[in-house]
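Inspection log for the structure reproduced underneath, given as structure tokens.
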Amino acid sequence: MDGDMEQLVESIKRNGVMTPATVRLKEDGRYELISGHRRKKACELAGLETLKCEVKELTRDEAIIVMVESNLQRSVILPSEKAFAYKMKLEAMKRTAGRPTKENACHNGTHLRSDQELALQVGDSARSIQRYIRLTELIPELLECIDNKKLGLVIAVDLSYLDVQVQKWVYEYFK
């Protein structure tokens, strides 16, 4: 519960949900929330029992890509959230790779690597995306240090190559 969530709850109480959430029908007949997780939580906090949703026909990988894209559009996104978002989207893109499109073609007729394609979509370099994804190998305590700006990205990436026990020792020394 942060200031943005409080504002969203108050807005929903006053005006209702302005933008519907996105769901997809899963193979088992249930619906899966793709985008609108914060709106759903705000509705719960506002005492509403329903949330207006738009149903989209999406595969699992397409749903992951849509979910990540909607999360990356938020005004404030923590480095750890960006790390896991990039990792999820890149894995989904790799599973759907091999389908050449005009968008992923280089000038010489070859195709971009998935991280290069993602870089073009989000405005970060492929190397930055690789660094963010590397953060997912950190223990949660060190990830929290990055989110709280107590630890820099480049140093955190270096720490991510250490095994879990050594990361715990570093954290204990660091805190």
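The values are calculated or read from the model by the stated rules, or taken from the named source; none is laboratory data. Since the model is a prediction, treat every value here as computed from it, not as a measurement. Every residue, glycine among them, receives a Cβ derived from its backbone with ideal geometry; neighbour counts consider all protein chains shown. Side chains included, ligands, DNA and RNA excluded: accessible areas come from the protein's heavy atoms. Shrake-Rupley method; radii C 1.70, N 1.55, O 1.52, S 1.80 Å.
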>> For the condition over 21 Å from residue 135 (Cβ atoms) and touching a residue at least 60 places away in the same chain (Cβ under 8 Å), what is the one hit in 61, 28, 4?
In response: 4
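Among the residues of the stretch 52-76, which ones are within 18 Å of the chain's Cα centre (by Cα) and among the β-branched types (Val, Ile, Thr)? Write out each step before concluding.
Start the filter on the stretch 52-76 by keeping residues that are within 18 Å of the chain's Cα centre (by Cα), which leaves 58-76.
Correct list: 59, 64, 65, 66, 68, 76.
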> If residue 82 passes every condition in (1) part of a strand (DSSP E or B); (2) out of contact with any strand residue (DSSP E or B) (no Cβ under 6 Å at 6 or more places or on another chain) but one, which one does it miss?
Replying inline: (1)
> What do you reckon, is residue 55 among the aliphatic types (A, V, I, L, M), in contact (Cβ under 8 Å) with a residue 40 or more places away in the chain, open to solvent by 40 Å² or more (accessible area, probe 1.4 Å) and within 23 Å of residue 12 (Cα to Cα)?
Replying inline: no
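Name the residues in the stretch 146-156 that are surrounded by fewer than 19 Cβ atoms within 10 Å (Cβ to Cβ) and closer than 26 Å to residue 115 by Cα, would you? Explain how you work it out, then say what you get.
The first filter runs over the stretch 146-156 and keeps only residues surrounded by fewer than 19 Cβ atoms within 10 Å (Cβ to Cβ), leaving 147-150, 152-155.
Selection gives 147, 149, 152, 153, 154, 155.
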> Can you tell me which residue in the stretch 123-132 is nearest to residue 84 (Cα to Cα), limited to those that are in a helix (DSSP H, G or I) and open to solvent by less than 50 Å² (accessible area, probe 1.4 Å)?
Replying inline: 132
> If only one of 135, 162, 143 is of a type in the set (A, V, I, L, M, F, W, C) and either more than 16 Å from the chain's Cα centre (by Cα) or surrounded by fewer than 14 Cβ atoms within 10 Å (Cβ to Cβ) (or both), which one is it?
Replying inline: 162
>> For the stretch 1-27: of the residues being among the acidic types (Asp, Glu) and open to solvent by 90 Å² or more (accessible area, probe 1.4 Å), which is farthest from the chain's Cα centre (by Cα)?
In response: 27
> For the stretch 93-122, what are the residues that are touching a Leu at 6+ places or on another chain (Cβ under 8 Å), modelled with pLDDT of 60 or more and surrounded by 15 or more Cβ atoms within 10 Å (Cβ to Cβ)?
Replying inline: 93, 112, 114, 115, 118, 122
> Which condition does residue 69 not pass, out of (1) within 30 Å of residue 152 (Cα to Cα); (2) open to solvent by less than 70 Å² (accessible area, probe 1.4 Å); (3) of a type outside the set (S, T, N, Q), if it passes all the others?
Replying inline: (2)
> Give me the pairs: first residue in the stretch 151-175 and more than 12 Å from residue 133 (Cα to Cα), second residue open to solvent by 50 Å² or more (accessible area, probe 1.4 Å) and among the hydrophobic types (A, V, I, L, M, F, W, C), beta-carbon distance under 8 Å, and six or more apart or on different chains, which are they?
Replying inline: 151/174; 170/162
>> Is it the case, given these coordinates, that residue 77 is of a type in the set (A, V, I, L, M) and at pLDDT below 90?
In response: yes
> In the stretch 72-83, how many are among the small types (Gly, Ala, Ser) and surrounded by 17 or more Cβ atoms within 10 Å (Cβ to Cβ)?
Replying inline: 2
